[in-house]
Amino acid sequence: MSENNTHVAIAGGGASALLLACNLLENNPDVHVTLIEQTGKWATGVAYSTPYDYHLLNVRAGNMSYSENDPGHFVNWLQQKNYKYTATDFVPRKLYGIYLSELFDRLCTQYAARIRCITGEVIALRDANTFQLRSGETVTATQLVLALGNFLPATPEYIGTELKNNPAYFGNPWDFEALNTIPTDARILIIGSGLTMTDCVLHFENRNHRGSIHSLCRHGYAPVSHEKITPVDDAFKATVATLENLDAAFAYWMNGYRAGLQPAAMADAFRPHVQKLWLHFDARDKKRFVTHLRHLWGTVRHRVPENCFAVLKNMQDKKQLTISGGKITSITSAENGLRITYLPRKKETPAHIAADVIINCTGPSARYETDAPELLRTLLQKGTVRMDASGLGLDVNKQAAVINQAGEVNNNLYALGNLTRGIFWEITAIPEIRKQTAALATLLLHSNS
C-alpha cells in the first residue's frame, strides 16, 4: 500500500462498520480498510444476531438496503433466496443478519487485497493515527473510526450490588440463552416498555411461558402498532421541513393532533427532518426534549409490526401481561421471591409487584464513564473525546469527527451510529446509519485524495 492511499481503521465489526466499509471499498480502488471486532462475530451486531423468526425488523424491507444507490438490494436478495417477503413486509431480523453476513463475505472475497479483519479489542490510541489492541498489536491508518454499537443497559441505582449479582437479575436482555433458563411459571418484571421489552415478551410467549409478566417504566407508554395509517398531506410535510426550534415543532404537532391527525402519521412526516431539526435545537431545547418528550416520540416513532403488537395485546387481554408506568423506589427480598415497591405515575400512594426475576430493558446505557468499553472510558479520561451537551453520546461535529475536551475537532478520529446520538438523535436505524456512513466515506475518500 503506498503512502498516498487512504487506510481507514474501524473499531467495531457490526452493521455500521460494515456499511462504512462497503461505501469505502466500492467507491475507491485504492482505499484499504481494517475492521477490528472484539467478539469475532462480524456484520450482525446485537440487533441482527437473534436466531428467532418472531423477532422482526421494525422498518419495512423496502427501506433496509445496505446502499442508498441500490434501494431494492435487500428486497431483491430476499426474492433471490426465495423468501416470500415484499418491500412492505417486516422481515425477521435473523434474515437481515444473514443478508449482512453474506454482504460481509462478498466484501472480503471481492476486495481481499484491501480489507483486513482482526479479532481483537481496541483499548486505546497509541497516537493520533494508531489503535492499540489488548493483544499488544497496533493498527496505524490515515483515519480511525469508532463504530462500537450499543452498550448493555445501565444498572438502575435501586438494583444495588447484591441484587445485580443475584441470578434473579438479568442485566443483558439480549442474552436469550440466559433468558431460556427462566422457569416457565416465573413471575417476571421487565423494566422498560419499548422494543427490547417487546422482544422479551415475544420470546417468552413462544416458550409458552405461563407466569405473569409486568412491564414497568417511568412514563408508562405502551408500544404502538405499525398499523396502516393515513399519511399527512403535502402541506403538512412542507411546513415540517421549515421548523427550527422545539416550541414551533411541538406547537405544530399539537395543532395536527387536535385536528385529528394520527400521531404515527405525523411521526412519519417528521422523521426525514428530525436530524436537521435536532441540529437546530440549542442546548435548552435538547434538554427539554430529552426530559419531557423523548419517550413519547420514541413510542410513536419506533412502532412494532402488527403481528407482534397482536401478541402483546392478546397477552394483555388474558391478564398475563401488564404494562404500567411508575418509579421504582425499592426492591427487597420477600419470603417468596422479590417485592418491588413503586410509585405509580400521577399517584401518591405506593404500589407493589411480586416477581421471581427482573429483566433490564431500559435501553443502551449512556453512562460512558462506567458502562462504555475500555477504549471509550480511556479516551474520556484523557480528554481525547468528550460527552455531548445532552450527555447521550460523544460530542462530534456535523461530519462526525470527534471533539476533544478542549473543544477541538479531531479530523483523524470519527464516530458512527449510537455513539453520535446526542448530536444527530435519529441515528440508530439502518436508514439513518446508511446515510451517515455514505457521507463519512465520501469525506474520508476526498480528504486524502
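Six or more apart or on different chains, Cβ under 6 Å: which pairs go from a residue in the range 289-313 that's within 21 Å of I213 (Cβ to Cβ) to one that's in a helix (DSSP H, G or I) and open to solvent by 30 Å² or more (accessible area, probe 1.4 Å)? Could you list them?
Final answer for the pair search is H302/L195; V311/E205.
Mind listing whichever residues of the range 28-74 are out of contact with any helix residue (DSSP H, G or I) (no Cβ under 8 Å at 6 or more places or on another chain) and either crowded, with 22+ Cβ neighbours inside 10 Å or among the charged types (D, E, K, R) (or both)?
D30, I36, K41, R60, D70 - these are the residues of the range 28-74 that are out of contact with any helix residue (DSSP H, G or I) (no Cβ under 8 Å at 6 or more places or on another chain) and either crowded, with 22+ Cβ neighbours inside 10 Å or among the charged types (D, E, K, R) (or both).
Can you list the helices (runs of 4 or more DSSP H) lying wholly within the range 229-280 that have 1 or more residues being open to solvent by 80 Å² or more (accessible area, probe 1.4 Å)?
Details: elements: 234-240, 246-258, 263-270, 274-280.
So the answer is 234-240, 246-258, 274-280.
Quick check: is even one residue across the range 282-289 part of a helix (DSSP H, G or I) and in contact with a strand residue (DSSP E or B) (Cβ under 9 Å, 6 or more places away or on another chain)? Before the answer, list the steps.
The first filter runs over the range 282-289 and keeps only residues part of a helix (DSSP H, G or I), leaving 283-289.
When the remaining residues are screened for being in contact with a strand residue (DSSP E or B) (Cβ under 9 Å, 6 or more places away or on another chain), the result is none.
Checking the range 282-289: not a single residue is part of a helix (DSSP H, G or I) and in contact with a strand residue (DSSP E or B) (Cβ under 9 Å, 6 or more places away or on another chain).
Considering each of I98, I115 in turn, give the residue that is of a type outside the set (D, E, K, R) and under 21 Å from the mean Cα position of the chain (by Cα).
Values: I115 fails: under 21 Å from the mean Cα position of the chain (by Cα).
Checking each option against the conditions leaves just I98.
Considering only the range 81-94, I want to know if a residue exists there that is exposed (fewer than 15 other Cβ atoms within 10 Å of the Cβ) and on the phi > 0 side of the Ramachandran plot.
Checking the range 81-94: at least one residue is exposed (fewer than 15 other Cβ atoms within 10 Å of the Cβ) and on the phi > 0 side of the Ramachandran plot.
Could you grab me the full set of residues in the range 82-96 that are out of contact with any Leu (no Cβ under 8 Å at 6 or more places or on another chain) and not aliphatic (A, V, I, L, M)? Break it down into steps so the answer makes sense when it comes.
Of the residues in the range 82-96, the ones out of contact with any Leu (no Cβ under 8 Å at 6 or more places or on another chain) are 82, 84, 86-89, 94.
Answer for the range 82-96, where residues must be out of contact with any Leu (no Cβ under 8 Å at 6 or more places or on another chain) and not aliphatic (A, V, I, L, M): N82, K84, T86, T88, D89, K94.
Which of the residues belonging to the range 390-418 are in contact with a Phe, Trp or Tyr (Cβ under 9 Å, 6 or more places away or on another chain) and under 18 Å from I10 (Cβ atoms)?
Residues satisfying the conditions are G393, L394, V396, Q399, A400, A401, V402, N418.
Within the range 31-48, identify whether any single residue is of a type in the set (D, E, K, R), on the phi < 0 side of the Ramachandran plot and in a helix (DSSP H, G or I), and answer yes or no.
no
Taking only the range 298-343 into account, find how many residues are surrounded by 18 or more Cβ atoms within 10 Å (Cβ to Cβ) and among the basic types (K, R).
2
Find all pairs meeting these conditions: Cβ atoms under 8 angstrom apart; at least six residues apart or on different chains; first residue within the range 349-369 and more than 23 Å from A429 (Cβ to Cβ) and acidic (D, E); second residue at pLDDT 95 or above and assigned to a helix (DSSP H, G or I).
E369/R377; E369/L380
Where in the range 345-449 are there strands (runs of 3 or more DSSP E), lying wholly inside it, with at least 2 residues that are farther than 17 Å from V145 by Cβ and touching a helix residue (DSSP H, G or I) at 6+ places or on another chain (Cβ under 9 Å)? Before the answer, list the steps.
Values: elements: 351-355, 357-360, 401-403, 409-415.
So the answer is 357-360.
Given the condition part of a loop (DSSP other than H, G, I, E, B), farther than 19 Å from P364 by Cα and either at pLDDT below 95 or open to solvent by 20 Å² or more (accessible area, probe 1.4 Å) (or both), answer yes or no: does some residue in the range 7-27 qualify? Don't jump to the end; show me each part of the working.
Step one: list which residues in the range 7-27 are part of a loop (DSSP other than H, G, I, E, B), which gives 12-14.
Among the residues that remain, those that are also farther than 19 Å from P364 by Cα are: none.
The answer is no, given that none of the residues of the range 7-27 is part of a loop (DSSP other than H, G, I, E, B), farther than 19 Å from P364 by Cα and either at pLDDT below 95 or open to solvent by 20 Å² or more (accessible area, probe 1.4 Å) (or both).
The values are calculated or read from the model by the stated rules, or taken from the named source; none is laboratory data. Just so it is clear, the model here is predicted, and its values are computed rather than measured. Cβ sites come from the backbone with ideal geometry, for glycine too, and all protein chains shown count toward neighbours. Please note that ligands, DNA and RNA were not included when accessible areas were found on the heavy atoms of the full protein model with its side chains. Shrake-Rupley method; radii C 1.70, N 1.55, O 1.52, S 1.80 Å.
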